[in-house]
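What follows is a set of notes on a single structure, which appears directly below.
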Amino acid sequence: MATLDPATLPVEKRILHLPPLQEVAEVLQAGLRQNFAEVEVVAVDCPDLREWGIAGEGLGGNTRLLDVGGPPFLIPTVMREKLYDMRDYPQLTGLSEGMMIGAGAGPWPYINRNSEMMPNLFVKQDKTIIQRTHITRTNDEDGSYETLKLPESETRNAVLGNLFLCSGEPGKVLKVHCKVRTGEKNFVTCMREVLNAYYGEELTVGMGGVFKILQGKVWIHVMPDFSPCPINTDEDLNNWLKFYEMSSPFTVLSTLISRDPELDLRVEHGHGWGENSQGGHYHYDTTPEEVEYLGYYNLAELCYRVDKPTNTHQLGRD
Ligand SMILES: [Zn+2]
């Protein structure tokens with residue numbers, strides 16, 4: 001099935017607040033300490049993230065958040081025609097090339113079925129790509145799941161996506177290391193709420209990056225195939241999704257924004273993968289006393305909203 005012509009997609013953007021990394025490190029250090037027993041947040045040179053399976057070396061240069069489509073294109077009933085090509089994403093965000101990582105719905109025509117996608121690719125100016133994207137699907141027969149690597153030729157993204165784009169350059173990033181969760185919040189929600197509390201309702205701070213759960217277990221969902229009947233409530237949604245407890249190490253591609261600057265955004269989203277074909281949408285860890293998180297994030301300069309649904313709702317955003 002053909003993807004939507006990028007020239008026809010509505011695009012809005014916002015300039016985000018870009019405080020010094022050192023300041024954000026101090027804010028997160030103090031805030032995360034309310035939720036974790038051990039916390040270290042520092043600005044460091046980005047390690048080579050290709051060793052973490054990322055398509056580019058670092059998180060630097062021309063940083064952007066991209067929110068494309070949204071849950072209203074999935075529920076109550078899927079709009080299969082909402083199919084985008086990630087090769088178009090650099091251009092849609094004002095770049096000639098770019099690396100992108102994040103969370104989205106997989107290209108349903110590829111396996112003739114819905115799936116979770118961990119977008120992770122570098123689209124070069126000459127349109128060649130470095131493809132590290134995986135998808136996770138369920139199997140109806142036995143309720144099992146399976147994670148597959150997408151080929152270079154498959155760059156489609158169905159119905160919704162939340163991505164961090166950049167030039168993939170090395171440079172300073174935030175290292176966020178937390179052990180033993182003492183509060184109720186998950187790793188990402190905690191960071192987002194800390195930023196929101198500090199920067200308030202006027203300044204919007206966005207981040208993208210990658211984190212690993214090094215110790216402990218995580219609660220993950222995988223979307224099965226599109227629901228044959230409409231999903232109208234949170235209860236319908238949770239009955240449709242397949243939930244699993246998965247083990248560490250588990251690597252999550254993550255986006256977050258401190259507040260929604262009236263773009264109908266999904267304010268946090270993370271998809272990841274692990275060993276033994278594990279993969280899917282990160283909710284939280286289930287082992288507070290043993291959990292350990294290590295992440296690298298950079299701030300986004302701009303936030304782009306592409307193909308914002310006109311009939312929106314708040315289902316399916318956590
Ligand atoms: Zn998701």
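The values are calculated or read from the model by the stated rules, or taken from the named source; none is laboratory data. This structure is a prediction, so every number in the text was calculated from the model and none was measured. Glycine gets a Cβ as well: all are built from the backbone with ideal geometry, and neighbour counts include every protein chain shown. To get the accessible areas, we keep the full protein, side chains included, count just its heavy atoms, and leave off ligands, DNA and RNA. Shrake-Rupley method; radii C 1.70, N 1.55, O 1.52, S 1.80 Å.
Where in the range 223-307 are there strands (runs of 3 or more DSSP E), lying wholly inside it, with at least 2 residues that are touching a Phe, Trp or Tyr at 6+ places or on another chain (Cβ under 6 Å)?
Counting at least 2 such residues, we get 250-257, 268-274, 279-285, 292-299.
Could you please tell me which pairs satisfy a Cβ distance under 6 Å, a separation of 6+ or placement on different chains, a first residue in the range 240-251 that is at pLDDT 95 or above, and a second residue that is among the hydroxyl-bearing types (Ser, Thr, Tyr) and not in a loop (DSSP other than H, G, I, E, B)?
Partner pairs satisfying both residue conditions: LYS242/THR138.
Taking the stated definitions as given, is ASN311 away from the ligand (no atom under 16 Å from the Cβ), on the phi < 0 side of the Ramachandran plot and assigned to a loop (DSSP other than H, G, I, E, B)?
So ASN311 passes the test.
Tell me, please, whether a residue that is under 24 Å from GLU12 (Cα atoms), open to solvent by 30 Å² or more (accessible area, probe 1.4 Å) and more than 15 Å from the chain's Cα centre (by Cα) can be found in the range 95-109.
Checked against the condition, which is being under 24 Å from GLU12 (Cα atoms), open to solvent by 30 Å² or more (accessible area, probe 1.4 Å) and more than 15 Å from the chain's Cα centre (by Cα), the range 95-109 yields at least one hit.
Could you check how many residues of the range 151-173 are crowded, with 23+ Cβ neighbours inside 10 Å and over 17 Å from the mean Cα position of the chain (by Cα)?
So the answer is 1.
If you scan the range 261-276, which residues turn out to be surrounded by fewer than 19 Cβ atoms within 10 Å (Cβ to Cβ) and without any contact (Cβ under 8 Å) to a residue 40 or more places away in the chain?
GLU262, GLU275, ASN276
I need the strands (runs of 3 or more DSSP E) fully contained in the range 75-118, keeping only those with at least 1 residues that are of a type in the set (Val, Ile, Thr), within 16 Å of the ligand (Cβ to nearest atom) and modelled with pLDDT of 95 or more. Spell out the reasoning first.
Numbers: elements: 83-85, 98-105, 116-118.
Fully inside the range 75-118 and qualifying: 98-105.
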